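The values are calculated or read from the model by the stated rules, or taken from the named source; none is laboratory data. Note that the structure is a prediction, hence the values are computed from the model and not measured.
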Amino acid sequence: MNENLSTVLRECILPIHQPDDDTSSNKDVLSQCLRTYALIDQTTEAEKVISEELLTPFLNTVWQSDATMANVHRACTVWLSS
């Protein structure tokens, strides 16, 4: 049952990255899925799925962007000090 619920949650989260989808129906399904996790006392599992599907990719993007900006800043500093 947990695998099926995790699959549904993943399917609800993934369309967030695709703005053309029907967001109102997706929100309803996502809300129902999260309520089900709460009902069966599996909120930790829901947090794990959300972390894997949303937070980790987002943080990786932010960190890569920050690292790129830091490298650009260092390169500019080296170039200007030459």
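Figures for the structure shown
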{"read-out": "Filter pass, LEU55 being of a type in the set (A, V, I, L, M), at pLDDT 75 or above and either under 13 Å from the mean Cα position of the chain (by Cα) or not in a helix (DSSP H, G or I) (or both)", "value": "yes"}
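Here's the yes/no breakdown for (1) over 16 Å from the mean Cα position of the chain (by Cα); (2) charged (D, E, K, R); (3) at pLDDT below 85:
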{"position": "PRO19", "(1), (2), (3)": "no, no, yes"}
{"position": "ILE40", "(1), (2), (3)": "yes, no, no"}
{"position": "THR43", "(1), (2), (3)": "yes, no, no"}
{"position": "VAL62", "(1), (2), (3)": "no, no, yes"}
{"position": "ALA70", "(1), (2), (3)": "yes, no, yes"}
{"position": "ARG74", "(1), (2), (3)": "yes, yes, yes"}
